[in-house]
1. Please report the net charge: other residues with Cβ closer than 15 Å to the Cβ of Ala202, K and R +1, D and E -1.
2. Which of rounded, prolate or oblate describes the stretch 1-80 when judged by the alpha-carbon gyration tensor and an a/c cut-off of 1.5?
3. Full extension from Ser192 to Arg119: what is 0.36 nm times the residue separation minus their Cα-Cα distance, to one decimal in nm?
4. Would you kindly state how much longer the chain becomes between Ala61 and Ala86 on full extension, computed as 0.36 nm times their sequence separation minus their alpha carbon distance, in nm to one decimal?
5. Sort Thr49, Thr107, Thr158 so the one with the fewest other Cβ atoms within 10 Å of its own Cβ comes first.
6. Helix 197-208 sits at what angle to the longest principal axis of the chain, using alpha carbons and giving 0 to 90 degrees rounded to 10?
7. Going by alpha carbons, how many degrees (0 to 90, nearest 10) lie between the helix axis of 142-162 and the longest principal axis of the chain?
8. In degrees between 0 and 90, to the nearest 10, how far off the longest principal axis of the chain does helix 56-70 point, with axes built from Cα atoms?
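Rule-based calculations on the coordinates, nothing more; no lab input. Since we're looking at a predicted model, the values are computed, not measured. FYI the Cβ positions are ideal-geometry reconstructions off the backbone, even for glycines, and counts take in every protein chain you see.
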Amino acid sequence: MSDAKVFIVTGAAGNVGSALIALLAADGHRTVALLRPGESQPAATLAVTADDLADAAAAGAAVAEVAAKLGRIDGLVHTVGGFAMAPIGESAPALWEKMFRLNVLTTVNVVRAVLPHLRAAGKGSIVAIGAGAALRAPSGMSAYAASKACVLRLVESTADETKRENIRVNAVLPGTIDTPQNRAAMPDADPSLWTAPHEVAATIAFLLSDAASGITGAAVPVPGRS
């Protein structure tokens, strides 16, 4: 298709990432999965290995490889992240470091690596995964919520920096996502009330599309029915 684009998807082996890869491929776009060593490559995508996106050099090398192989980058979806809970009195510094490394540093590094390519193209779109807890943190989520709040501030600031360059930067805020991992962790919950991965993926795909050309700096809730 003439309007096909090249999108990088981090965490592409995960539930939301793989659903998004399938959706974008069905729309005729080319997708590049940034995978950790040993992760399975989703169908209909090119795979590039990145050892640790929390390492700026590794993130930069992976994005440079994509640009060299495909000659262009039109957008980025960053789904990599982590979750942990602990009351503040039990949340050791190591937990805070882990949450910031997984949720903040990975986002900073891939956004910084992709931006020069979008600027060279004169347009582009970036979508990051936030969390409702970034707006109001429940008990036990101080470290996680603080790290996701940093992601939202990064999105807002970068969107303001790039809004006159035809580059849009947004976030989605999923509710509890219906995944095998969450079902195993919360066996007494009702997963029919949760957000399906394809619902998160569809929202991301919209934000990447030209139909969302007027949206930047937004945090779009995808709460499901809970």
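1. -3
2. Oblate is the answer for the stretch 1-80, as a/c is 1.5 or above yet b/c matches or exceeds a/b.
3. Working: separation 73, 0.36 × 73 = 26.28 nm, distance 4.16 nm.
Gain on extension, Ser192 to Arg119, equals 22.1 nm.
4. On the way: separation 25, 0.36 × 25 = 9.00 nm, distance 3.46 nm.
In short, 5.5 nm is gained.
5. Values: Thr49 16, Thr107 30, Thr158 22.
Sorted ascending by nearby Cβ count, the order is Thr49, Thr158, Thr107.
6. With rounding to tens, the tilt is 40 degrees.
7. Once rounded, the angle reads 30 degrees.
8. Tilt of helix 56-70: around 40 degrees.
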